[in-house]
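Student: Structure in structure tokens, see below.
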Amino acid sequence: MSKQPVVAVAGATGAVGREMLSILEQRSFPASKVIPMASARSAGTTVPFAGGDLTVTELTEDSFKGVDLALFSAGGGTSEKFAPFAAQSGCVVVDNSSAWRMDDRCPLVVPEVNPDDLDWHDGIIANPNCSTIQMVVALKPLHDAASIKRVVVSTYQAVSGSGQKAITELETQVRKMFNMEDPEASVYPHRIAFNCLPQIDVFLDNDYTKEEMKMVNETVKIMGDHNIKVTATTVRVPVFYGHSESVNIEFENKLTAKEARVILTQAPGITVLDNPKEGIYPMPINSAGEDETFVGRIREDETIDNGLNLWIVSDNIRKGAALNTVQIAETLLERDLLRVEDPNVFF
Ligand code: A2P
């Protein structure tokens, strides 16, 4: 594409949508125009962009005429309904919801891991789940070195992953508890302040949550290797920004902690913080607002032949959502893939 694209942000008033706008600005994304979209509730309000304000328009089936690229973060239902209309108008969608992730017509992409999957897009590209993204950024270079057989992951996920309402809920609950009041829980099934909830999203028939099965299925699709087995326990914790993960990996071949440290230090998108005796390891308070995936506590699992334990932390709103979406858009531009070959694939 020779001219700069017209870019829409669908869900621009939400936590991720606002971050998308700020990342487009920070990275000087080459857009000829940026159009924020949200529900009818927000039409006419403004969102900050590039030192000024942009007026929010209502997202409708007709919103995409003349739009080249749409970054969606407006919930699964909204995306399921509107993304096909965008693709039919010739607009490429990068969608942050779970609506299209496991659809065989849609690549599921983390640019550091599987950028080549963008070659076969048909107009809708899915951005993976936040906890999956940061994990696969670290898994990929280790898999290339020693072939991963099995991953056991437990997550400690921030409330911002559930959107603006959950950020407000944690703030309100903490304030009320300091005033000796009994806070209500509305976003989550139980109080999140000073608590941990071993439930993210709904429970499925196999007693895992939907979030846990996202980590299982999305990891295999992104890594492109059905031999990798993943099992997950996902937990919501009272942290505003930054997901943490304890990851146990079993490999086909031996990889020492020292070798893994060298590989991860050289891997794209990763910063190794691993000097535990000096108190240096990744933490959500340091990852918030940063682009990298931080890896530390790298150590050999002494209970199996070829195993490692890692602690992985990243800003779930940036690398886990808005940044990865913008990086996908940048890769589409670099590879001249910002076009829809067959506009009716999703109808
Ligand atoms: P709105 O603010 O008008 O409700 P978050 O994940 O932080 O809660 O944000 C969700 C985003 O998705 C918001 O920008 C919200 O807009 C938008 N959104 C929710 N439902 C719709 C819809 N039916 N059509 C368009 N945008 C929607």
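Student: With 122, 117, 95 as the choices, which residue is away from the ligand (no atom under 14 Å from the Cβ) and in contact with a strand residue (DSSP E or B) (Cβ under 8 Å, 6 or more places away or on another chain)? Working first, answer last.
Tutor: Working: 122 fails: in contact with a strand residue (DSSP E or B) (Cβ under 8 Å, 6 or more places away or on another chain); 95 fails: away from the ligand (no atom under 14 Å from the Cβ).
Only one candidate qualifies: 117.
Student: Then there is this: Just checking, does the range 210-231 include any residue being surrounded by fewer than 22 Cβ atoms within 10 Å (Cβ to Cβ), out of contact with any Phe, Trp or Tyr (no Cβ under 6 Å at 6 or more places or on another chain), among the acidic types (Asp, Glu) and modelled with pLDDT of 95 or more?
Tutor: Yes: the range 210-231 contains one or more residues that are surrounded by fewer than 22 Cβ atoms within 10 Å (Cβ to Cβ), out of contact with any Phe, Trp or Tyr (no Cβ under 6 Å at 6 or more places or on another chain), among the acidic types (Asp, Glu) and modelled with pLDDT of 95 or more.
Student: Does residue 163 count as under 27 Å from residue 329 (Cβ atoms) and either of a type in the set (S, T, N, Q) or within 16 Å of the ligand (Cβ to nearest atom) (or both)? If you could, list the steps in order and put the result at the bottom.
Tutor: On the way: under 27 Å from residue 329 (Cβ atoms): yes; either of a type in the set (S, T, N, Q) or within 16 Å of the ligand (Cβ to nearest atom) (or both): yes.
Spelling it out, residue 163 is indeed under 27 Å from residue 329 (Cβ atoms) and either of a type in the set (S, T, N, Q) or within 16 Å of the ligand (Cβ to nearest atom) (or both).
Student: Then there is this: Spot the failing condition for residue 91; the list is (1) surrounded by 18 or more Cβ atoms within 10 Å (Cβ to Cβ); (2) farther than 16 Å from residue 325 by Cα, and only one is missed.
Tutor: Tallying (1) surrounded by 18 or more Cβ atoms within 10 Å (Cβ to Cβ); (2) farther than 16 Å from residue 325 by Cα, residue 91 fails exactly one: (2).
Student: Right, here's the next one. Keeping to the range 2-21, report how many residues are within 16 Å of the ligand (Cβ to nearest atom), β-branched (Val, Ile, Thr) and surrounded by fewer than 22 Cβ atoms within 10 Å (Cβ to Cβ). Step through it out loud before you land on a result.
Tutor: In the first step, residues of the range 2-21 are kept if they are within 16 Å of the ligand (Cβ to nearest atom); the result is 7-21.
If we keep only those that are β-branched (Val, Ile, Thr) too, we end up with 7, 9, 13, 16.
In the following step, the residues that additionally are surrounded by fewer than 22 Cβ atoms within 10 Å (Cβ to Cβ) were identified as 13.
Adding up the residues that qualify gives 1.
Student: Separate question: Go through the range 286-310 and give me each residue that's open to solvent by 10 Å² or more (accessible area, probe 1.4 Å), among the hydrophobic types (A, V, I, L, M, F, W, C) and under 12 Å from residue 271 (Cα atoms).
Tutor: Scanning the range 286-310 gives a single hit, 294.
Student: Something else: Quick test for you: out of 48, 30, 36, pick the one residue that is assigned to a loop (DSSP other than H, G, I, E, B) and modelled with pLDDT of 95 or more. It would help to see each step written out before you state the result.
Tutor: Details: 48 fails: assigned to a loop (DSSP other than H, G, I, E, B); 36 fails: assigned to a loop (DSSP other than H, G, I, E, B).
Of the residues listed, the single one that is assigned to a loop (DSSP other than H, G, I, E, B) and modelled with pLDDT of 95 or more is 30.
Student: Could you tell me whether residue 89 is within 12 Å of the ligand (Cβ to nearest atom) and in contact (Cβ under 8 Å) with a residue 24 or more places away in the chain?
Tutor: Numbers: within 12 Å of the ligand (Cβ to nearest atom): no; in contact (Cβ under 8 Å) with a residue 24 or more places away in the chain: yes.
Answer is no for this residue.
This table checks each residue for (1) buried (at least 24 other Cβ atoms within 10 Å of the Cβ); (2) outside any strand (DSSP E or B); (3) within 16 Å of the ligand (Cβ to nearest atom); (4) not assigned by TED's automatic domain parsing to the domain that holds residue 243.
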site	(1), (2), (3), (4)
138	yes, yes, no, no
143	no, yes, no, no
150	no, no, no, no
155	yes, no, no, no
167	no, yes, yes, no
175	no, yes, no, no
182	no, yes, no, no
185	no, yes, no, no
190	no, yes, no, no
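Student: Looking only at the range 251-277, count how many residues are open to solvent by 50 Å² or more (accessible area, probe 1.4 Å) and among the acidic types (Asp, Glu).
Tutor: Total satisfying the criteria: 2.
Student: OK, next. Considering each of 74, 87 in turn, give the residue that is among the hydrophobic types (A, V, I, L, M, F, W, C), in a helix (DSSP H, G or I) and in contact with a Gly (Cβ under 8 Å, 6 or more places away or on another chain).
Tutor: Exactly one of 74, 87 is among the hydrophobic types (A, V, I, L, M, F, W, C), in a helix (DSSP H, G or I) and in contact with a Gly (Cβ under 8 Å, 6 or more places away or on another chain), namely 87.
The values are calculated or read from the model by the stated rules, or taken from the named source; none is laboratory data. Since we're looking at a predicted model, the values are computed, not measured. Cβ sites come from the backbone with ideal geometry, for glycine too, and all protein chains shown count toward neighbours. Note: areas computed on protein heavy atoms with side chains; ligands, DNA, RNA excluded. Shrake-Rupley method; radii C 1.70, N 1.55, O 1.52, S 1.80 Å.
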